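Enquirer: Take a look at this one; I'll ask things after.
Rule-based calculations on the coordinates, nothing more; no lab input. Predicted model only: the values in this text are computed from it and were never measured. Positions of Cβ are generated from backbone atoms using ideal geometry, with glycine treated the same way; all protein chains shown enter the neighbour counts.
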Amino acid sequence: MGGIRERLEQIGRAAFAIAIIALIVSPERGWLHAHSSSVTMRVGPAAQMVTVNETFAVQIVADLAAQMDPYGLAGYEFRLVYDSQYLEVVSAADVGELSGTNSRTVGTLGPTIDNAAGRTLFGAYSYLEADPQAPGPTGTVVLADVTLRTKQTGETSVGLENALLTDVQARVWPDSGADRQVTTQSGTIAISQEPAQPTATLTATLAPTATGTATITLTPTSTLSSTSTPTSSPTTAATQTVTAMPTNSATPSPTSTSSISTTSTPTSTPPATSSPT
């Protein structure tokens, strides 16, 4: 028991927590059933394009294939490595898939963030008190979300060190003595300049508006009179009104109103009478 404890302490804290639970319940299991296998822990997505001063996230994913079937994943640990000139870690959190279909209790280790060195350590483990052998998740499992912030332009990478995985049976990956391996895959980050802020352009459109009323009035008057003969005094009054109503277009539409009235008043004057002298 002491030799197993020492070995687990060398491999990692997450594996140690799971192994202790498994060995208390079933000491004959775990290390006795080792077999050759390999699993993968990777940074996803494999490539991202971001801008300076942008906050973005990567996911840490385990591709277990069938190596942990039927027991499933119980814990993990990793160290995220990155260039501190380009990136800094803001936070790291377990995604929740480690609880599996049995609602296993999940505990976390960290994060321990060292942005000066470009290293962040994080891990998690799961257990079910009622049934420590209840299976965990299998296949492809999303382990954690890590949020980072960019600092300058360029191309850099986010990698993994000391990647560790353990199943419900307390088997640990990697374990060279049992021929269990962990392959890691990095992610590439391309950082470009922050896009220029759009400039608002104001465009003024002038719509000419004409408002006005023009009135022209013509009133011709003609008067005829005679004192020797019957005099007809016609009076002609002609009134013409032109009203122009301009609109928004350049062509006014005049409205013509014409009113002509003629009045004739005949006047009869009797002939003069001569008185003999």
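Enquirer: Can you sort 150, 184 from fewest to most other Cβ atoms within 10 Å of each residue's own Cβ?
Expert: Values: 150 21, 184 15.
Result, fewest neighbours first: 184, 150.
Enquirer: Right, another one. Taking neighbour Cβ counts within 10 Å as the exposure measure, how do 56, 122 sort from fewest upward?
Expert: 56, 122
Enquirer: Would you pull out the residues with amide H under 5 Å of residue 54's amide H, same chain only if 5 or more places away, H placed 1.01 Å from N?
Expert: Under 5 Å from the amide H of residue 54: 150.
Enquirer: Follow-up. If you take the Cα atoms of segment 78-169, find Rg, then find the Kirkwood Rh from the mean of 1/r over all pairs, what is Rg/Rh?
Expert: Rg/Rh: 1.06.
Enquirer: Also: Where in segment 69-83 does the label zone of residue 114 land, with the point 7 angstrom along Cα→C-beta and an amide N cut-off under 18 Å?
Expert: 77-83
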